[in-house]
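Below is one structure, written out as structure tokens, with a few remarks after it.
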């Protein structure tokens, strides 16, 4: 396993819509393993493939440090309820904002071994899945904010970091 390079906002790669995984194979399993390694290295609870420059519909999640969840080609089936929670993102370091998400969701996906699964999630898991599914559509949590708040975050990021090599920041 290896740690992959994380894309940081405003990298245009974060705005690309991911393509469906067509076939499970050893290459996809390596990507999944590397994504988990990267997520743990970055001390995150979820990671979408687009965040590491891989334009495939793959999400890895581990919110409790116990159960690893792999979602391939996830589709939202049902959602209800509201939850405002402060979100952050590995690709937008040191920035957080309260976002309105559905508290309960049901999704269909393919798991790590290629089986179709259905997951009903609430609370933090629901929010994490929605956040990562947004990444697969080229959407970031800051897109839910007002333009004024988006501009403030962008100014903070530009002040804190210098954008270098299209995908890395230098402090």
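The values are calculated or read from the model by the stated rules, or taken from the named source; none is laboratory data. Note that the structure is a prediction, hence the values are computed from the model and not measured. Note that we place each Cβ from the backbone using ideal geometry, even for glycine, and neighbour counts take in every protein chain shown.
Residue-wise test of (1) modelled with pLDDT of 95 or more; (2) closer than 19 Å to residue 139 by Cα.
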{"residue": "52", "(1), (2)": "yes, yes"}
{"residue": "61", "(1), (2)": "yes, yes"}
{"residue": "65", "(1), (2)": "no, no"}
{"residue": "74", "(1), (2)": "yes, yes"}
{"residue": "104", "(1), (2)": "yes, no"}
{"residue": "107", "(1), (2)": "yes, yes"}
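So which pairs qualify, if the first residue must be in region 16-43 and free of Cβ contacts under 8 Å to residues at least 40 places away in the same chain and on the phi < 0 side of the Ramachandran plot, the second must be assigned to a helix (DSSP H, G or I) and crowded, with 16+ Cβ neighbours inside 10 Å, the Cβ gap must be under 7 Å, and the two must be at least 6 apart or on different chains? Taking only residues 6 or more apart or on different chains, the pairs are 31/49; 35/49; 35/52; 38/52.
When 136, 145, 125 are checked against the criterion of being closer than 17 Å to residue 10 by Cβ and touching a strand residue (DSSP E or B) at 6+ places or on another chain (Cβ under 9 Å), 145 stands alone in meeting it.
Taking the conditions (1) within 21 Å of residue 19 (Cβ to Cβ); (2) part of a strand (DSSP E or B); (3) at pLDDT below 95 in turn, residue 166 satisfies each one other than (2). If the condition is being in contact with a strand residue (DSSP E or B) (Cβ under 6 Å, 6 or more places away or on another chain) and surrounded by 16 or more Cβ atoms within 10 Å (Cβ to Cβ), then region 1-35 contributes 8, 9, 18, 21, 32, 35.
Which condition breaks for residue 113 when tested against (1) part of a loop (DSSP other than H, G, I, E, B); (2) touching a helix residue (DSSP H, G or I) at 6+ places or on another chain (Cβ under 7 Å)? In the conditions (1) part of a loop (DSSP other than H, G, I, E, B); (2) touching a helix residue (DSSP H, G or I) at 6+ places or on another chain (Cβ under 7 Å), residue 113 misses (2) alone. Contact annotation: residue pairs with Cβ atoms under 7 Å, 6 or more positions apart or on different chains, pairing a residue in region 88-109 that is within 11 Å of residue 8 (Cβ to Cβ) with a partner that is part of a loop (DSSP other than H, G, I, E, B) and modelled with pLDDT of 95 or more, are 89/140; 90/6; 90/42; 90/44; 91/6; 91/7; 92/140.
Scanning region 66-96 for residues that are within 13 Å of residue 46 (Cα to Cα), in contact with a helix residue (DSSP H, G or I) (Cβ under 9 Å, 6 or more places away or on another chain) and outside any strand (DSSP E or B) returns 68, 90, 91.
Taking region 43-54, which residues are surrounded by 15 or more Cβ atoms within 10 Å (Cβ to Cβ) and in a loop (DSSP other than H, G, I, E, B)?
Those that are surrounded by 15 or more Cβ atoms within 10 Å (Cβ to Cβ) and in a loop (DSSP other than H, G, I, E, B): 44, 45, 53, 54.
When region 105-151 is filtered for residues that are farther than 18 Å from residue 47 by Cα and surrounded by 15 or more Cβ atoms within 10 Å (Cβ to Cβ), the ones remaining, listed by number, are 105, 106, 117, 144, 145, 150.
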